[in-house]
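Right, one structure below, let's go through it.
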Amino acid sequence: MPSPARLAAVFISAAIFLSGCASFDKLTQSQSKMAQTPITDKPSGKAIPGKFIWHDLLTPEPKKAGAFYEALFGWQIDYQEHYAVVRNGDKLIAGIVKPNTTNEAARNGLWIPTASVADVDAAVRRVTANGGTVLKGPLNMGDRGRAVMISDPQRADMLLLSAKGGDPADGKAAIGDWLWDEIWSKDPDSVEAFYAAVLGYDQVMSTDDYTVFLSEGEWRAGIRRVKSHVKHLLWVPVVRVADSVATAKRTKELGGTVLVAPGEVPGNADIALIADPTGAFLLIQRWPAPVTKDGASL
């Protein structure tokens with residue numbers, strides 16, 4: 001895992017990015033553009049609480065980061081004046097925005113995930129009742145829906161959204177799609193209780209080092225136990241790739257960083273932790289893992 005100093009820089013950047021956004025009572029130009037961008041072209045008509053439905057990359061260099069992802073994952077990016085929209089094939093998957101700050105500490109990129117809730121205002125009450133903090137909102141954001149930015153009891157940040165028209169329907173993640181989101185935590189039990197209450201997960205599966213949240217029988221997110229002296233922790237998204245070794249190699253060729261190589265994560269040889277050239281963390285994973293003739297994972 002990254003060093004405490006590296007994580008600390010990310011957390012400083014996150015705080016500046018969030019404070020650099022204007023109050024949700026009045027949209028900035030970037031937020032106005034976000035509000036014109038729905039999270040899906042094919043809304044299901046219903047909310048799927050606890051599902052991760054969008055990701056925004058906050059970065060000081062949107063085109064530098066975008067070029068990296070276009071080359072690494074084959075994403076297509078539409079650069080607009082204040083907000084870039086990302087597709088994987090014909091699927092809307094993410095946005096890229098440059099924070100409105102000149103602070104030197106905000107030199108690192110950061111992925112902020114968005115999870116679905118049926119009722120944002122009710123979710124806000126659950127957040128505060130369970131030790132979380134409301135950072136911005138709630139706010140009506142046009143074609144995107146109604147949103148709020150929150151921080152959990154360990155100060156990991158995310159957006160909650162009631163998407164206009166409903167969430168994307170559940171389906172198999174394609175290569176280049178978001179496969180998963182996991183939160184790094186020093187105290188999994190406390191954040192498990194928080195997210196179960198706030199996002200309504202109805203089943204939890206745990207081992208010594210990892211916890212999986214489920215709702216409606218679907219895996220939604222995970223908690224990875226980390227050993228760190230850093231006070232603030234974070235959510236890290238996972239992209240599905242065909243070959244984690246080849247993708248890690250390509251990451252370095254494109255100017256990114258491989259922080260944890262394939263085979264170095266205990267219990268999973270097909271996952272790696274990388275950072276884009278602007279410092280944003282994400283995981284890559286081959287899924288499903290190949291199996292031997294006797295059914296065991298390689």
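Listed values, structure above:
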{"read-out": "Candidate set from segment 72-87 (those that are more than 20 Å from the chain's Cα centre (by Cα) and not acidic (Asp, Glu)); member that is surrounded by the fewest Cβ atoms within 10 Å (Cβ to Cβ)", "value": "79"}
{"read-out": "Condition check for residue 146: in a strand (DSSP E or B), more than 29 Å from residue 288 (Cβ to Cβ) and in contact with a helix residue (DSSP H, G or I) (Cβ under 6 Å, 6 or more places away or on another chain)", "value": "yes"}
{"read-out": "Every pair of residues 6+ apart whose Cβ atoms lie under 9 Å, when the first sits in segment 112-129 and is closer than 11 Å to residue 146 by Cβ while the second is in a helix (DSSP H, G or I)", "value": "117/123; 117/126; 117/198; 117/199; 123/198; 123/199"}
{"read-out": "Subset of segment 219-269 [touching a Gly at 6+ places or on another chain (Cβ under 9 Å), at pLDDT below 95 and within 25 Å of residue 156 (Cβ to Cβ)]", "value": "220, 221"}
{"read-out": "Flag for residue 160 being in contact with a Phe, Trp or Tyr (Cβ under 8 Å, 6 or more places away or on another chain) and not in a loop (DSSP other than H, G, I, E, B)", "value": "no"}
{"read-out": "Residue 176 of a type outside the set (Phe, Trp, Tyr), under 18 Å from residue 272 (Cα atoms) and touching a helix residue (DSSP H, G or I) at 6+ places or on another chain (Cβ under 6 Å)", "value": "yes"}
{"read-out": "Residue in segment 259-274 that is surrounded by fewer than 20 Cβ atoms within 10 Å (Cβ to Cβ), under 18 Å from the mean Cα position of the chain (by Cα) and under 19 Å from residue 59 (Cβ atoms) present", "value": "yes"}
{"read-out": "Qualifying positions in segment 163-208 - part of a loop (DSSP other than H, G, I, E, B), more than 16 Å from residue 116 (Cα to Cα) and either over 15 Å from the mean Cα position of the chain (by Cα) or not charged (D, E, K, R) (or both)", "value": "172, 173, 174, 175, 176, 186, 187, 207, 208"}
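The values are calculated or read from the model by the stated rules, or taken from the named source; none is laboratory data. This structure is a prediction, so every number in the text was calculated from the model and none was measured. Here Cβ is always computed from backbone atoms with ideal geometry, including for glycine, and neighbour counts include all displayed protein chains.
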